[in-house]
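So the structure is just underneath, and the comments pick up after that.
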2 protein chains.
Amino acid sequence: MLERSYGELKPPERLLLGAGPSNIDPRVLRVLSLPIVGHLDPYFIEVMDETVELLRYAFKTSNHITFPISGTGSAGMESAICNVVERGDEVIVCINGFFGERMREMVERCGGKSIEVRAPWGEIIKKEAVEEALANSNAKAVAIVHAETSTGILQPLKEISKIVHEYDALLIVDAVTSLGGCELTVDDWGIDLCYSASQKCLNCPPGLAPITVSERAMNVIRNRRTKVQSWYLDLSTIEKYWVENNRIYHHTAPILLVYALREGLRLLYKEGLENRWIRHKENIQALISGLEEMELTIFTDKNYICPAIAAIKIPNGIDDGSVRRRLREEYNITISGGLGKLKGKVWRIGLMGINSNKKNVILVLEALKSALKREGYNPK
Amino acid sequence: MLERSYGELKPPERLLLGAGPSNIDPRVLRVLSLPIVGHLDPYFIEVMDETVELLRYAFKTSNHITFPISGTGSAGMESAICNVVERGDEVIVCINGFFGERMREMVERCGGKSIEVRAPWGEIIKKEAVEEALANSNAKAVAIVHAETSTGILQPLKEISKIVHEYDALLIVDAVTSLGGCELTVDDWGIDLCYSASQKCLNCPPGLAPITVSERAMNVIRNRRTKVQSWYLDLSTIEKYWVENNRIYHHTAPILLVYALREGLRLLYKEGLENRWIRHKENIQALISGLEEMELTIFTDKNYICPAIAAIKIPNGIDDGSVRRRLREEYNITISGGLGKLKGKVWRIGLMGINSNKKNVILVLEALKSALKREGYNPK
C-alpha cells in the first residue's frame, strides 16, 4: 500500500497566541531531550516527588492527592467527575461556555443527573443561581469553570465555594487555562477537586492534566457504593503509584512529559506565583486597551476578564478564516476562532505563561491591525 | 511551605532492558525539541495524516479508525473495552497474566459480565477453551493479550480469531508489547480492536496508545444502546478530529508526542516491518541461549517466546532486588522484576525496537552473570 517516502519533520515556528497550546518554554524543551529512565526507577521517583511538591505550590494547596493525570486537560476533567459521580447522583453543572457543556456531558456519561445553572456565554455564573439550585436539589457536587477558555471569562469562586459547603456539597473546578497565570488558591477558596493542563500557562507540551483533591472529597470517593467506572482515571489507585511510599505500578507514566512538567513548575516557582499573576493581568490589560483602540469589541463582561485569554467580536463583514490565515501565513502567529456557538463570531487571543509579555502584545496588535486593514476593516 | 531550591534535571543514562519503556531512539529524541504548532494547525493536520498512514502500515491494516489515543497503553485498553462493552454484555476475557486481569477489571467497570478463560501464567490460551466459552455464552467479544508483558508469552491468534468470528463476536487484542517487534497482521488475522503503546518496540516516549478498529467493530459501536461511558476515550468522537476531513476539535492532542510517534513509525517504515520481526526473533533467541548457558530457567513455554521480552526464574536463594540494584547502579542497566503474583519470582528482560541488538544481548548477559556471581549464584 505504501510506496512513498516520509521526510523529516520541519514544523514552522509559530507564535502560539491562541487558546492553547502556548509555546513551550525553551528551558522545558531542553529537558525533553534528556535520557529517560524507567517509571519505577529511583531517579524517577525523586522527579515525581518534586513534581508533586511543585504542583502543591502552583495550586496553593497541601492536598495529599496532587499529581498529573496521564492525559490532556479533558482527561483531568473526566477524572474529577467520574471519581465523584455515581449512578443517580445529582450534580449542579454551571454552564456559561463550551467547557461547562463538556462537564455536563461527562456527568451524564457517569450516570449522574445534571442540574444546569446557565448564564449567557461571556458572563459569569451568579452565586445566587448556584444557591437556588443547591436549595432545590440534593446535589453531591457543583462543577464550574474557573477560566472559560471559550469566552475568556474569569469566574469568581470564593463566595460560591462558601455556599457549596454550606450545603455540604463538593466543589469541582476547571482550572485548565488559569493555573499558573491567574489568581487561584485551592485551599483558601475551599476547592475540592481542581484540575488543569500542562500546555497553557505552564508552557509544557500537552499530555498531562495536573489534579488536586481535598481530603473531604477523598472521603466521599473512598466511601463510594461502586467502583469508579474508569480504571485509568481512578484516583485511589493512581495515588498508590504517585504519592505513597510503597510505589505500586499502575500505568507507565509519560516520563518525558513529567520531566517537562517538573521543569515548567520549577520555572514558575523561581518567578513566584504571585508575580506571574500580576504579569498576566498587566499584559492582558495592555492587549485589551490596544484592541479597543482599534475599535474592536471585547466579547466578555469586562469586570471579569481572564488574565490569560481575551475574546473579541469579529467585526461585521470581516471573514474569520481569512484574517486568521493572514496572521498564520504572513506573521506565523496563531490566534483562535470561536468554539461551538461562537464559531465565526469571536477571536480568542491568549497570553499564557512565557507568552504573556509586552513584545507579544505589540506584535499581535500590529499584525491584527494590518490583516484587518487588508480585509477591508476601517474603524473611525 | 517551600523554601528550597530545585536543581536542573540530570537523569542517569540507563540502558532500558526491562518490560518497557525502552530507550527512545535518538532520532525520535531530536524531533521532541522541534517547535510545536497548534492542534488544528494545517501543518499538524498533515503530521496527523502521515501518522495515521504509518500506523496502518505498522498494524498491517486498512482500517479507517487508526490513530493514537492520548494516554498510555492502559488508556488504549480502556478505550477498546469501554467502546464495545455496555452494561450487561458478556465478554470472554482470556487471562494468563497480569494484563489479562486488567482487562477483566475494565470489562467489569463498564458493567460487563466477564467470562474468564484461564491458563497458567507463562502458558498460552488454548483455542479449545475459547471455543467452549463461546459455545456456552452469549459473548459479544473476546479479549486477549498478544504479548503478555508479565510472562513473556506470545499468544497465537489466527485460529482463535476464526472461532471468535464463527460465533459472531468481536476480537479485542492487546498488542502493547508486540506492535513493531513481533509478527502481527491485524487485517489478515481478523482482529477487530487492537491497541498498543508508544514506549515499547516503537522507541517513543510513553503517553500515546495507538489503536485500530475494524468496520465490523465500528458497526457494533455505532449501534450501541447507550453512549460510551468515557467521553475522553469515545472513538466515534475522536474519529471526527483524527480521521475525518472536517476536523472537529475534541481535545488538545499531545502534539510533541505525535511528532515523536510519527518519527518512530517513519523509522519502522524505513527498516521494514518484516525485517524488524526477524531482528527481534534472532536477538531474543541469542539472549535465551545465553541465559540457558548460565543455567537459568526460562519461565515461559519455550514454544511461544515473545520476541520482545523474556522472563526467567530467579534462582533459589538469590535476592531479586539486590541483583537488579547491582545492574542499575554498577552498569546503568534496567531489567524488570515480576508483576503481581510473579513478584520476586521472575526477571523480565526486554529487547524492544532499537534495543533489540547483539550488543545489548552481550551486555545484559555479562552484567547479569557478574551480578549473580557476586550474589552467590554458582551454576555448574
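None of the figures in this text is laboratory data; all of them are computed from the coordinates on show. Source: prediction; values computed, not measured. Quick reminder, even Gly has a Cβ in these numbers, built from the backbone with ideal geometry, and neighbours come from all protein chains shown.
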**Study point:** Charge dipole magnitude, Cβ of K and R +1, D and E -1 - the protein assembly as shown, Cα centre, debye nearest 20
**Key:** 880 debye
Review point. Could you put B:Cys82, A:Cys110 in order, starting from the residue whose Cβ has the fewest other Cβ atoms within 10 Å?
Key: A:Cys110, B:Cys82
Study note, to complete from the structure: Listed with the fewest Cβ neighbours within 10 Å leading, A:Val220, A:Val176, B:Val361 appear as A:Val220, B:Val361, A:Val176
Check your understanding: Taking K and R as +1 and D and E as -1, what net charge do the other residues with C-beta under 15 Å from the C-beta of B:Val176 add up to?
Key -> -1
Check your understanding: Rounded to the nearest 500 deg cm²/dmol, what is the calculated helix-only ellipticity per residue at 222 nm for the protein assembly as shown, with -39500 (n - 2.57) per DSSP H run of length n ≥ 4?
Key -> -12500 deg cm²/dmol
Review point. Between region B:181-202 and region B:257-321, what's the alpha-carbon centroid distance in Å?
Key: 16 Å
Check your understanding: What number, in percent, do you get for the relative contact order of region A:60-127 if the mean sequence gap of Cα pairs under 8 Å and at least 6 apart is divided by its residue count?
Key -> 30 percent
Practice item. Scan around A:Met352 for amide H atoms under 5 Å from its own, H built in the peptide plane at 1.01 Å from N, and keep only partners 5 or more places away or cross-chain. Key: none
Review point. With all pairs of different alpha carbon atoms counted, what Kirkwood hydrodynamic radius in Å does chain B show?
Key: 21.4 Å
Review point. Can you list the HN-Hα couplings for region A:229-246, worked out from phi with the Karplus curve (6.51, -1.76, 1.60; θ = phi - 60°), rounded to whole Hz and with x for Gly and Pro?
Key: 5, 9, 6, 5, 10, 6, 4, 5, 8, 5, 3, 5, 8, 8, 10, 10, 5, 8
Study note, to complete from the structure: Relative contact order of region A:283-351 (C-alpha contacts under 8 Å, at least 6 apart) in percent is 32 percent
Exercise for review: Take every DSSP beta bridge with both residues inside the protein assembly as shown and express the antiparallel ones as a percent of the total, to the nearest 5.
Suggested key: 50 percent
Point to revise | Positive minus negative residues near B:Lys369 (Lys, Arg vs Asp, Glu; Cβ under 13 Å) | key: -3
Study note, to complete from the structure: Here the convex hull volume per residue of region B:303-355, taken over Cα atoms and given in Å³, is 94 Å³
Exercise for review: Name the long-range amide H neighbours of B:Ile65: under 5 Å, sequence gap of 5 or more, or other chain; modelled H, no Pro or chain starts.
Suggested key: B:Val213
Revision key, fill the gap. Given a Förster distance of 35 Å, the FRET efficiency implied by the Cβ-Cβ spacing of A:Asn136 and A:Lys343, rounded to the nearest 0.05, works out to 0.55
Point to revise | Given charges at Cβ of Lys, Arg, Asp, Glu: the protein assembly as shown dipole, positive-most of A:Cys306, B:Tyr232, A:Ser33 | key: A:Ser33
Check your understanding: Taking the Cβ of B:Lys345 as the center, what net charge do the other residues with Cβ under 10 Å away carry, scoring Lys and Arg +1 and Asp and Glu -1?
Key -> +2
Check your understanding: Which value, in Å to one decimal place, does the Kirkwood hydrodynamic radius take for region B:50-157 when every pair of different Cα atoms is included?
Key -> 14.8 Å
Point to revise | Efficiency of FRET between B:Asn275 and B:Arg87 - r from beta-carbon atoms, R0 51 angstrom, step 0.05 | key: 0.65
Check your understanding: What is the distance, in nm, between label points placed 7 Å from the Cα along the Cα-to-Cβ direction at B:Lys10 and at A:Arg30?
Key -> 1.4 nm
Practice item. Work out from phi, with θ = phi - 60° and the Karplus expression 6.51 cos²θ - 1.76 cosθ + 1.60, the ³J(HN,Hα) of each residue of region A:264-279, listed in order in whole Hz, and give x for Gly and Pro. Key: x, 6, 4, 5, 4, 4, 5, 6, x, 4, 5, 4, 4, 4, 5, 4
Exercise for review: Kindly work out what percent of the DSSP beta bridges joining two residues of region A:26-269 are antiparallel, to the nearest 5.
Suggested key: 35 percent
**Study point:** Cβ-Cβ FRET estimate between B:Ile362 and A:Asp301, R0 fixed at 60 Å, reported to 0.05
**Key:** 0.30
Point to revise | Debye log10 I(q)/I(0) for region B:239-310, one point scatterer per Cα, at q = 0.24 Å⁻¹ | key: -1.04
Practice item. Find the eigenvalues of the gyration tensor of the Cα atoms of region B:196-239, then list the square roots of 5 times those eigenvalues as equivalent ellipsoid semi-axes, largest first, in whole angstrom. Key: 26, 13, 7
Check your understanding: Using θ = phi - 60° and the Karplus form 6.51 cos²θ - 1.76 cosθ + 1.60, what ³J(HN,Hα) does each residue of region B:195-202 get, whole Hz, x for Gly and Pro?
Key -> 10, 8, 8, 7, 9, 10, 6, 8
Exercise for review: At most 12 other Cβ atoms within 10 Å plus a DSSP loop assignment makes a site exposed; report the longest stretch of chain B without any exposed GluC sites (Glu not before Pro).
Suggested key: B:14-243
Review point. Relative contact order, percent, of chain B when contacts are C-alpha pairs under 8 Å separated by at least 6 residues?
Key: 24 percent
Exercise for review: May I ask you to sort B:Met106, A:Met48 by Cβ crowding, counting other Cβ atoms within 10 Å and putting the fewest first?
Suggested key: A:Met48, B:Met106
Review point. Across the Cα atoms of the protein assembly as shown, what radius of gyration and what greatest pairwise Cα-Cα distance (Dmax) are found, in Å?
Key: 26.0, 94
